[in-house]
1. Report yes if residue 9 is closer than 24 Å to residue 113 by Cβ, open to solvent by less than 10 Å² (accessible area, probe 1.4 Å) and of a type in the set (D, E, K, R), otherwise no.
2. Kindly indicate whether any position in the range 74-81 is of a type outside the set (Gly, Ala, Ser), buried (at least 18 other Cβ atoms within 10 Å of the Cβ) and assigned to a helix (DSSP H, G or I).
3. Say whether the condition of being closer than 24 Å to residue 43 by Cβ and at pLDDT below 95 is met by at least one residue in the range 99-109.
4. Inspect all residues belonging to the range 43-53 and state whether any of them is more than 17 Å from residue 4 (Cβ to Cβ) and open to solvent by 90 Å² or more (accessible area, probe 1.4 Å).
5. Any residue at all in the range 21-37 that is at pLDDT below 90 and not in a helix (DSSP H, G or I)?
6. Please list, ordered by first then second residue, the pairs with beta carbon atoms under 9 Å, 6 or more apart or interchain, first in the range 66-77 and closer than 13 Å to residue 43 by Cβ and without any contact (Cβ under 8 Å) to a residue 40 or more places away in the chain, second assigned to a loop (DSSP other than H, G, I, E, B) and of a type in the set (A, V, I, L, M).
7. Need the failing condition index for residue 16 against (1) under 14 Å from the mean Cα position of the chain (by Cα); (2) in contact (Cβ under 8 Å) with a residue 24 or more places away in the chain; (3) surrounded by fewer than 17 Cβ atoms within 10 Å (Cβ to Cβ), just the number.
8. Do we find that residue 1 is among the aliphatic types (A, V, I, L, M), open to solvent by 10 Å² or more (accessible area, probe 1.4 Å) and under 26 Å from residue 117 (Cβ atoms) in this structure?
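The values are calculated or read from the model by the stated rules, or taken from the named source; none is laboratory data. All of these numbers come straight from a predicted model, not from anything done at the bench. Neighbour counts are summed over all protein chains in view; Cβ atoms, including those assigned to glycine, are modelled from backbone coordinates with ideal geometry. Only protein heavy atoms, including side chains, enter the accessible area calculation; ligands, DNA and RNA are left aside. Shrake-Rupley method; radii C 1.70, N 1.55, O 1.52, S 1.80 Å.
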Amino acid sequence: MAKKIMVVDDDPDIVEYLVSIFKEKGYETCSAEGGEGAMEMLERERPDLLTLDLEMPEEWGPRFYRKFSQKPEFKDLPVIVISGLAGIHLAIRKAVATVSKPFEPAQVLEIVEKTIGKP
């Protein structure tokens, strides 16, 4: 069964871009454009990895992370922070990686493959 990656970002272009990159490599994907529907999606889809933007209108990325990581079933879910904010490496200390926008797709894919393997 293919590994599943969930993309959480309020920018629909970023969501579409990341989803297309992951699908092209054979990963299953799901996405949420912000924290509001992300928890419901997370619980329904049970991804193997999550990419998370930090600055979203209705839900700050670190706050969303705190909410889901307190649930036993998600406490070890790997997270890659992808954000345009400065100092992103400090926002979620347990993130497996932090990537600044704009990003290189190859860099993100390398992190994904190191973290959850190839699909």
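1. On the way: closer than 24 Å to residue 113 by Cβ: yes; open to solvent by less than 10 Å² (accessible area, probe 1.4 Å): yes; of a type in the set (D, E, K, R): yes.
Spelling it out, residue 9 is indeed closer than 24 Å to residue 113 by Cβ, open to solvent by less than 10 Å² (accessible area, probe 1.4 Å) and of a type in the set (D, E, K, R).
2. Keep residues of the range 74-81 that are of a type outside the set (Gly, Ala, Ser), which gives 74-81.
Checking which are buried (at least 18 other Cβ atoms within 10 Å of the Cβ) leaves us with 74, 77-81.
Cutting the leftovers down to assigned to a helix (DSSP H, G or I) gives us 74.
Within the range 74-81, one or more residues are of a type outside the set (Gly, Ala, Ser), buried (at least 18 other Cβ atoms within 10 Å of the Cβ) and assigned to a helix (DSSP H, G or I).
3. Here is the first cut: in the range 99-109, the ones closer than 24 Å to residue 43 by Cβ are none.
The answer is no, given that none of the residues of the range 99-109 is closer than 24 Å to residue 43 by Cβ and at pLDDT below 95.
4. Going residue by residue through the range 43-53, those that are more than 17 Å from residue 4 (Cβ to Cβ) are 53.
Still in the list and also open to solvent by 90 Å² or more (accessible area, probe 1.4 Å): none.
Within the range 43-53 (the criterion being more than 17 Å from residue 4 (Cβ to Cβ) and open to solvent by 90 Å² or more (accessible area, probe 1.4 Å)), the answer is no, since none of the residues qualifies.
5. Just the residues of the range 21-37 that are at pLDDT below 90, to begin with: 33-37.
Pick out the ones that are also not in a helix (DSSP H, G or I) and you get 33-34.
Yes, the range 21-37 contains a residue that is at pLDDT below 90 and not in a helix (DSSP H, G or I).
6. 68/77
7. Answer for residue 16: the failing condition is (2).
8. On the way: among the aliphatic types (A, V, I, L, M): yes; open to solvent by 10 Å² or more (accessible area, probe 1.4 Å): yes; under 26 Å from residue 117 (Cβ atoms): yes.
Criteria met by residue 1.
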